[in-house]
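**Q** Just passing along the structure, written as structure tokens.
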Amino acid sequence: MLFSYLNPLFRYGIERLADDAASAGVDGVLVTDAVDEEAAAIASVLRKSDLDLISLVAPTTSDERLKRIAENASGFIYAVSRAGVTGARDETSTAAEALVARIRKFSDLPVAVGFGISTRDQIEDVWRYADAAVVGSAIVAEIERSKGRTDVVDQVRSFVASLLPAVAKDAAET
């Protein structure tokens, strides 16, 4: 999965990115600031290379707009758990569960919840109502804490394993 903003995407070239990403084994691209017509055009180019355009929706997204976003989405829909900026939080937002229920009215794609997910308890809570939990900032913070060490990959792997509920660990081992 690649994350990008429109500006670097346009500078690099959408067609070029689609070709290069597909060649590298990427499955999808999340363009954080692509809206409506832009998203539809980007999705069309990505589909030609068998790539998904991952769409972001927030608790503040209207049902009308949510429906439009769902029509262009593929792969999965990324539900932002709360308004504001990303970063680890002590608890997940109740707005996320309501948002996932709203998304399911318009799409049967898997729904991943992110923004502020940083603990095993939060992941288990998200898995009650969504298909996936996205942990980003907490992993970046772990990488920063490992700066200068020679075992960064092992440290991050261990951190991620500590986040996985027992059920996921059992499935990963089989």
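**Q** Considering only residues that are assigned to a helix (DSSP H, G or I) and closer than 19 Å to Glu37 by Cα, which ones fall in segment 3-16?
**A** At the first step, the residues of segment 3-16 found to be assigned to a helix (DSSP H, G or I) are 6-12, 14-16.
Leu6, Asn7, Pro8, Leu9, Phe10, Arg11, Ile14, Glu15 - these are the residues of segment 3-16 that are assigned to a helix (DSSP H, G or I) and closer than 19 Å to Glu37 by Cα.
**Q** Further question: So which of Val26, Val80, Val100 is in contact with a Phe, Trp or Tyr (Cβ under 6 Å, 6 or more places away or on another chain) and at pLDDT 95 or above?
**A** Testing whether each residue is in contact with a Phe, Trp or Tyr (Cβ under 6 Å, 6 or more places away or on another chain) and at pLDDT 95 or above leaves just Val100.
**Q** Something else now. Pick from segment 31-40 the residues that are in a helix (DSSP H, G or I) and touching a residue at least 24 places away in the same chain (Cβ under 8 Å): which of them is surrounded by the most Cβ atoms within 10 Å (Cβ to Cβ)?
**A** Filtering first and then ranking leaves Ala39.
**Q** Scan (1) loosely packed, with under 14 Cβ neighbours inside 10 Å; (2) hydrophobic (A, V, I, L, M, F, W, C); (3) modelled with pLDDT under 95; (4) not in a loop (DSSP other than H, G, I, E, B) for the single condition Ala95 breaks and write down its number.
**A** (1)
**Q** Same structure, new question: Looking only at segment 43-59, count how many residues are farther than 23 Å from Val134 by Cα and either part of a helix (DSSP H, G or I) or of a type in the set (Asp, Glu) (or both). Break it down into steps so the answer makes sense when it comes.
**A** Filtering segment 43-59 for residues farther than 23 Å from Val134 by Cα gives 44-45, 47-49.
Retained after the next criterion (residues that are either part of a helix (DSSP H, G or I) or of a type in the set (Asp, Glu) (or both)): 44-45, 47-48.
So the answer is 4.
**Q** Further, regarding this structure: Are there any pairs, at least 6 apart or on different chains, whose C-beta atoms fall under 7 Å, with the first in segment 8-19 and surrounded by 17 or more Cβ atoms within 10 Å (Cβ to Cβ) and the second outside any helix (DSSP H, G or I) and hydroxyl-bearing (Ser, Thr, Tyr), and if so, which?
**A** Going by the 7 Å Cβ cut-off, the qualifying pairs are Ala18/Ser49.
The values are calculated or read from the model by the stated rules, or taken from the named source; none is laboratory data. Small disclaimer: the values here were computed from a predicted structure and weren't measured. Here Cβ is always computed from backbone atoms with ideal geometry, including for glycine, and neighbour counts include all displayed protein chains.
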